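Chemist: The following block contains the structure, expressed as structure tokens.
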Amino acid sequence: MDIFSTFFDSLHLLSLEPPGWGGNLLRGLMHSLQIAVGGYALGLLLGVFTACGKLYGGIISKDILGCYTTIVRAVPELVLILLLYYAGTDVINQLMFWLGKDPVNINGLAAGIFVIGIVQGAYSGEVIRGAVLAIPQGQLEAARAYGFTGWQVLRRITLPAMLPYAIPGLANLWLIATKDTALLAVVGFSELTLETRQAAGATRHYMLFYCAAGVLYLLVTLISNHVISRIERWSRRGIYQV
Amino acid sequence: MNDLSSKRTLSGTEGESQAQSAGVFSWAADKGFALHRLIMAAIAIAIVLICAAQMRWDWLPEYHELIFEGLWRTLWLLVASVVIGFALALPLGLVQVTGPAILAAPAKAFCNVIRGTPLLLQLWLLYYGLGSVFPAIPEIRDSWLWPYLRQAWPYALLSLTLSFAAYEAEVMRGAFAGVPKGELEAAKAYGFTPWQIFRRVWMPRAIHRALPTLGGEVVLQLKATPLVATITVIDVYGAFTRVRQDAFLTYEPLLLLAFIYMLMAGALVLFFRYMERRIPVK
């Protein structure tokens with residue numbers, strides 16, 4: 001009982017003003033969300049290129065993209081984040097050296113978006129490729145028979161028809177992106193998990209802060225699920241429901 | 001870089017035309033070794049050789065024992081968390097399909113909470129959070145569990161197991177629900193007891209349906225294990241982290257580490273492919 005009473009007595013530590021650490025947690029959450037949104041968007045961009053390359057590219061580009069997706073899906077995110085983090089900053093500083101400029105400190109936010117984006121790109125590429133392959137061929141043939149141009153086929157048939165197949169996978173990837181941001185705590189980027197660890201270490205109220213951070217992550221997930229289900233319903237509009 | 005890539009495209013197109021004409025090459029193409037693949041493999045081997053020659057590997061003999069110890073710990077954590085997690089996932093998935101609401105609701109809540117929060121946070125919650133609460137409880141301090149609870153690996157195993165159970169319960173829920181009703185009714189008509197139906201029809205059919213997903217989930221679990229190094233468990237990732245700190249090297253240990261994880265993931269994929277082939281579909 002002692003433990004529970006101290007748990008509730010310490011709730012004031014979550015207040016937003018400086019004696020409490022709530023403000024730090026919320027700032028960390030903002031950083032996490034920024035990285036998740038940026039990394040997800042970059043991953044989607046890379047994923048579209050990967051999917052196009054794997055579906056329509058030549059044998060060489062297919063194999064190279066195959067290497068990319070295989071490596072990313074076989075190596076732990078933590079190792080990839082370390083490799084890309086150091087390699088990425090190294091490459092940029094080498095470039096600066098060649099251009100005759102001073103080495104720069106890489107913005108943690110940009111580095112985080114870069115590594116999450118590379119990881120997400122491999123997965124979203126596979127999701128998009130699968131969704132495009134799931135479109136009934138007859139629909140595309142019908143469009144071509146009606147004299148649609150390639151761009152028209154893409155905009156009017158391929159994109160709307162693949163969305164119902166792609167959205168569940170892409171939604172999963174968004175949730176993975178929000179949780180993968182926690183890994184950046186290991187390279188010292190002050191997102192929600194690292195802020196939580198610092199607050200917990202400083203106040204010695206570990207349970208309180210880790211539970212609070214868990215609630216924040218859960219809230220992000222629940223709100224995301226709500227939004228995703230609406231997007232999913234929108235993407236299925238007009239399709240016969242079984 | 002520029003001339004390397006142009007060389008690749010050139011030899012690739014050559015390879016295509018040659019593969020159609022020459023006998024050796026058409027044999028290679030039949031076997032799935034198109035010439036451009038052979039050339040890409042050669043480039044990959046060249047990159048590996050350059051890495052081996054140009055980078056520093058003198059630390060390997062000194063640390064190989066630590067690395068093997070870490071490798072053993074990673075595999076051990078993976079197998080234990082997958083086996084225990086799967087055993088937990090079966091009832092968690094089943095009660096969500098058939099169970100009374102009083103069991104189904106907590107099972108669903110458990111899955112949502114675990115799947116909605118990062119594993120790193122769960123790990124730190126268990127290790128730092130529970131780890132700071134336990135010493136304050138005299139009953140636990142005096143029990144036989146205490147010597148274990150003072151170490152880090154039980155927390156690592158617990159959080160990995162719970163995480164695997166939650167993700168796998170979701171898979172098993174779908175698999176249990178997907179077994180055709182007629183098969184269960186047929187078993188019932190043959191006079192099977194509910195336990196026999198579960199053990200002989202429902203569970204085997206569900207596991208068979210979940211097997212392809214299970215392979216992927218185990219690879220994902222392998223990729224989750226390095227997180228335990230953040231709570232002082234020296235797995236293979238932790239061993240290489242120590243190398244990096246001691247030898248002041250950035251890339252060499254990380255590259256070798258990535259390669260080791262790729263080998264392990266590849267072995268898992270092959271193992272599950274073999275299992276899938278061994279279990280007949282019909």
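Chemist: Calculate the dipole size of the protein assembly as shown relative to its Cα centre from +1 charges on Lys and Arg beta carbons and -1 charges on Asp and Glu beta carbons; express the result in debye to the nearest 20.
Modeler: Dipole about the Cα centre, nearest 20: 1780 debye.
Chemist: Give the average, rounded to an integer, of partner chain Cβ atoms located within 10 angstrom of each Cβ in B:131-137.
Modeler: 2
Chemist: Oh, and also: Name the most mobile residue of A:202, A:131, A:177, meaning the one with the largest mean-square fluctuation, in a Gaussian network model of chain A with Cα contacts below 10 Å.
Modeler: Of A:202, A:131, A:177, the Gaussian network model singles out A:202 as fluctuating most.
Chemist: Run the paramagnetic zone check for residue B:245: 7 angstrom along Cα to Cβ, then residues of the range A:66-80 with backbone nitrogen under 18 Å.
Modeler: So the set is A:79.
Chemist: Packing-wise, with mean Cβ within 10 Å as the measure, how do B:108-114, B:192-198 rank, highest first?
Modeler: B:108-114, B:192-198
Chemist: Given the pairs B:181/B:223; A:179/B:108; B:108/B:223; A:54/A:101, which span a C-alpha to C-alpha distance of over 28 angstrom in this model?
Modeler: In this structure, B:181/B:223; A:54/A:101 exceed 28 Å between Cα atoms.
Chemist: Can you work out the FRET efficiency for the pair residue A:218 and residue B:46, with r the C-beta to C-beta distance and R0 = 51 Å, to the nearest 0.05?
Modeler: 0.55
Chemist: To the nearest 20 Debye, how big is the dipole of the range B:87-242 about its Cα centre, given +1 on the beta carbon of each Lys and Arg and -1 on that of each Asp and Glu?
Modeler: 280 debye
Chemist: Give the accessible surface of the range B:122-161 per residue, rounded to a whole number of Å², with probe radius 1.4 Å and ligands, DNA and RNA excluded.
Modeler: Per-residue value: 53 Å².
Chemist: Work out the charge dipole of chain B with +1 on the Cβ of Lys and Arg and -1 on the Cβ of Asp and Glu about the Cα centre, then indicate which of B:221, B:208, B:233 is farthest towards its positive end.
Modeler: B:208
Chemist: Checking understanding here: applying a Kyte-Doolittle mean of at least -0.5 and a length along the axis of at least 20 Å (C-alpha), which whole DSSP H helices in chain B pass?
Modeler: For chain B, where a helix must reach 20 Å along its axis and average at least -0.5, the hits are B:35-54, B:60-97, B:101-116, B:153-178, B:203-224, B:251-278.
Chemist: Now for a separate question. Shape verdict for chain B, please, from the Cα gyration tensor: rounded (a/c under 1.5), prolate (a/b greater than b/c) or oblate.
Modeler: Oblate is the answer for chain B, as a/c is 1.5 or above yet b/c matches or exceeds a/b.
Chemist: Read phi for every residue in the range A:154-167 and hand back ³J(HN,Hα) as whole Hz from Karplus 6.51 cos²θ - 1.76 cosθ + 1.60, θ = phi - 60°, with x for Gly and Pro.
Modeler: With the stated coefficients, the range A:154-167 comes to 4, 6, 9, 10, 4, 4, x, 6, 7, 4, x, 7, 7, 5 Hz.
Chemist: Classify chain A: rounded, prolate or oblate, from the alpha-carbon gyration tensor (a ≥ b ≥ c, eigenvalue square roots; a/c under 1.5 rounded; otherwise prolate if a/b is larger than b/c)?
Modeler: In terms of gyration-tensor shape, oblate.
Chemist: Follow-up question, since we're still on this one. Toward the positive end of the charge dipole of the protein assembly as shown, about the Cα centre and with charges on Cβ (Lys, Arg +1; Asp, Glu -1), which of B:101, A:53, A:70 goes farthest?
Modeler: The residue sitting farthest along the positive end of the dipole is B:101.
Chemist: Within a 10 angstrom radius of each residue's Cβ in B:255-268, how many Cβ atoms of other chains show up on average? Whole number is fine.
Modeler: 3
Chemist: Another question about this same structure. Using Cα springs under 10 Å in a Gaussian network model of chain B, which residue among B:38, B:49, B:211 shows the largest mean-square fluctuation?
Modeler: Result: B:38 has the largest fluctuation of those listed.
Chemist: Still on this structure, please answer the following. Under the classification rounded if a/c is under 1.5, otherwise prolate if a/b is larger than b/c and oblate if not, where does the range A:101-242 fall, given a ≥ b ≥ c as square roots of the Cα gyration tensor eigenvalues?
Modeler: Judged from the Cα gyration tensor, the range A:101-242 comes out oblate (a/c at least 1.5, b/c at or above a/b).
Chemist: Can you find, among A:183, A:209, A:167, the residue farthest towards the positive end of the dipole of the range A:163-234? Put +1 on the C-beta of Lys and Arg, -1 on that of Asp and Glu.
Modeler: A:209
Chemist: Where is the GNM fluctuation largest for chain A (alpha-carbon springs, 10 angstrom cutoff): A:226, A:205, A:31?
Modeler: Largest GNM mean-square fluctuation: A:226.
Chemist: Can you tell me the orientation of helix A:192-203 relative to chain A, as the angle in degrees between its alpha-carbon axis and the longest Cα principal axis, to the nearest 10?
Modeler: Here the helix axis deviates by roughly 10 degrees.
Chemist: If each of residue B:64 and residue A:101 carries a label point 7 Å out from its Cα toward its Cβ, how far apart are those two points in nm?
Modeler: 4.6 nm
Chemist: Taking the Cα centre of the range A:30-166 as origin, sum charge times position over the Cβ atoms of Lys and Arg (+1) and Asp and Glu (-1), and report the length of that vector in debye to the nearest 20.
Modeler: 420 debye
The values are calculated or read from the model by the stated rules, or taken from the named source; none is laboratory data. Treat the numbers as computed from the prediction; the structure is a model and nothing was measured. As a convention, Cβ positions derive from the backbone with ideal geometry for all residues, glycine included, and neighbour counts pool all protein chains shown. Remember, those area values only see protein heavy atoms, side chains included, never the ligands or the DNA or RNA. Shrake-Rupley method; radii C 1.70, N 1.55, O 1.52, S 1.80 Å.
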